[in-house]
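The values are calculated or read from the model by the stated rules, or taken from the named source; none is laboratory data. This one's a predicted model, so the numbers in the text were calculated from it and none came from an experiment. Please note: Cβ atoms are built from the backbone with ideal geometry, for glycine as well, and neighbour counts cover all protein chains shown.
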Amino acid sequence: EQWGPDESNSSIPQLKGARRFTFEEIQNCTKKFSQLNYIGSGGYGKVYRGTLHNGQLVAVKRAQNESMQGGLEFKTEIELLSRVHHKNLVSLIGFCFEQGEQILVYEYVVNGTLTDALSGKSGIRLDWIRRLKIALGTARGLDYLHEQANPPIIHRDVKSTNILLDERLNAKVSDFGLSKPLSDGAKGYMTTQVKGTMVRICIYILLYLFTHFNNTHI
């Protein structure tokens, strides 16, 4: 199943800042999904590191059979993801939808997950100033999803493994596979209910950062 070149404009994803990759391009950039490029796996599927022709590093998420969507649902998801742009959110680079594959291509975030940083696995030392910066960045990213995205998006799987750290240890919220767009009817209700969301999220994340890991990792 795929969108062919002769299909109507209404059936082809209307993307903003994201591109369509062929499966051959995906295979080339991941060296045919080499185990050397394997990063990890999640609810959506396996994730691989890839290198595009221009040298850009990307994270390639390949859907497992049990997480496959119908063509319309996949189209809707990538249209939604392509409209989300914020410095504290992982950006969608593109997608692949052919040869029975559903693949999402994201920017590659070099310092891995917040979980690895807090546990000491990544070797990154997080003092309290850095932890505060990460908490604020995460809150800003989630606040953007709740308040400024169109339609608003509720991320339903916020956890430290879904918060990535870039080269300057800025937080980038990832994994929108479990996110939920709000309908127009729910938007007004949501605006009322999440007023002050950024402050509450920031407090929650700060409590997590200050209480779940001891000072040996500071």
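Go over the candidates L89, L114 one by one and state the one that is under 25 Å from E73 (Cα atoms) and crowded, with 18+ Cβ neighbours inside 10 Å.
L89
Mind checking whether some residue in segment 121-141 is small (G, A, S), over 14 Å from L89 (Cα atoms), surrounded by fewer than 17 Cβ atoms within 10 Å (Cβ to Cβ) and at pLDDT 80 or above? Please lay out each step first, then the result.
Residues of segment 121-141 small (G, A, S): 122-123, 135, 137, 139, 141.
Next cut, over 14 Å from L89 (Cα atoms) only: 122-123.
Now drop any that are not surrounded by fewer than 17 Cβ atoms within 10 Å (Cβ to Cβ), which leaves 122-123.
Then drop every residue that is not at pLDDT 80 or above, which leaves 122-123.
Yes - at least one qualifying residue is present in segment 121-141.
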Legend entry - Residue within segment 64-80 that is among the charged types (D, E, K, R) and assigned to a strand (DSSP E or B) present: no
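For every residue, the table says whether it meets (1) free of Cβ contacts under 8 Å to residues at least 60 places away in the same chain; (2) surrounded by fewer than 16 Cβ atoms within 10 Å (Cβ to Cβ); (3) under 23 Å from Y38 (Cα atoms); (4) not assigned by TED's automatic domain parsing to the domain that holds I39.
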residue	(1), (2), (3), (4)
F74	yes, no, no, no
V84	no, no, no, no
I93	no, no, yes, no
H155	yes, no, no, yes
Inset, instruction - Only residues that are in contact with a strand residue (DSSP E or B) (Cβ under 8 Å, 6 or more places away or on another chain) and in a helix (DSSP H, G or I): list them for segment 137-156, please. - result: G137, T138, G141, L142, Y144, L145, H146
Inset, instruction - Please work out which residue is nearest to M68 (Cα to Cα), limiting yourself to segment 27-52 and to residues that are at pLDDT below 95 and not in a strand (DSSP E or B). - result: Y44
Inset, instruction - Answer yes or no: is there a residue in segment 174-188 that is part of a strand (DSSP E or B), surrounded by 13 or more Cβ atoms within 10 Å (Cβ to Cβ) and modelled with pLDDT of 60 or more. - result: no
